[in-house]
1. Can you tell me which of 51, 46, 13 is in a helix (DSSP H, G or I), more than 23 Å from the chain's Cα centre (by Cα) and modelled with pLDDT under 60?
2. If you take the residues in segment 87-109 that are more than 11 Å from the chain's Cα centre (by Cα) and assigned to a helix (DSSP H, G or I), which one is modelled with the lowest pLDDT?
3. Can you find, within segment 173-194, the residue that is farthest from residue 235 (Cα to Cα) among those that are modelled with pLDDT under 90 and touching a helix residue (DSSP H, G or I) at 6+ places or on another chain (Cβ under 6 Å)?
4. Residues in segment 239-249: is at least one touching a strand residue (DSSP E or B) at 6+ places or on another chain (Cβ under 9 Å), at pLDDT below 90 and more than 20 Å from residue 124 (Cα to Cα)?
5. Anything in segment 153-172 that is touching a helix residue (DSSP H, G or I) at 6+ places or on another chain (Cβ under 8 Å) and either modelled with pLDDT under 90 or closer than 14 Å to residue 242 by Cα (or both)? List them, or say none.
6. Looking at residue 225, is it assigned by TED's automatic domain parsing to the domain that holds residue 141, at pLDDT 65 or above and outside any helix (DSSP H, G or I)?
């Protein structure tokens, strides 16, 4: 009887945790939705305009150039939709070997317009491109949240640096997301992963300030047998470092 009760409690806890992850994911999508929609609308406008041009012209060269623009626009739209659908996927909660560089690039497709809008320069450095067994949608969720946090810490613009490397001796892949923002005060640094703790007020879109984002991020990384830490200095910026095991069966991180 006690065993059945424990199973029920575990099942209910896992279900609630999944609901929390999904709620935080929707919050992240909300923070970039308008920018993604604007970018997609720009692509559609380009496709429509060049289609009209191709219809009007009798010049084969001009028609060829218009069709090339239409093709590029369609391909860009497909990348945006693919990235958004990839982020929104729910079904596959199985860890599979995943190219982390490709995963980061998919997230950056979603954040590109939002970062440009807020005058954020992006620098990425892939020293290695490791494949790591992860639940792709959950790691995307962590990365998107960290990038949004970094953007919100730089109200007057700034720079985000994303790096990816491996440490074979420690059996880990390491992702870092660094910003040149306002930093985190020492008295708050040790509390930022606590549920509902936040130093942010909601921005103009109403996003931010729930205190769930970083708590969920750490839980996801913990579930992947990884580690997540933060380094920050007031006025100089913040760096989040994620360490994921290359082989979870023999962790030496």
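1. Being in a helix (DSSP H, G or I), more than 23 Å from the chain's Cα centre (by Cα) and modelled with pLDDT under 60 holds for just one of 51, 46, 13, which is 13.
2. Step one: list which residues in segment 87-109 are more than 11 Å from the chain's Cα centre (by Cα), which gives 88-102.
When the remaining residues are screened for being assigned to a helix (DSSP H, G or I), the result is 88, 100-102.
Details: 88: 62, 100: 96, 101: 96, 102: 93.
Out of the qualifying residues, it is 88.
3. Selected residue: 193.
4. Scanning segment 239-249, I find at least one residue that is touching a strand residue (DSSP E or B) at 6+ places or on another chain (Cβ under 9 Å), at pLDDT below 90 and more than 20 Å from residue 124 (Cα to Cα), so the answer is yes.
5. Selection gives 162, 164, 171.
6. yes
The values are calculated or read from the model by the stated rules, or taken from the named source; none is laboratory data. Because the structure is a prediction, the values reported are computed rather than measured. Cβ: placed from backbone, ideal geometry, glycine included. Neighbour counts: every protein chain shown.
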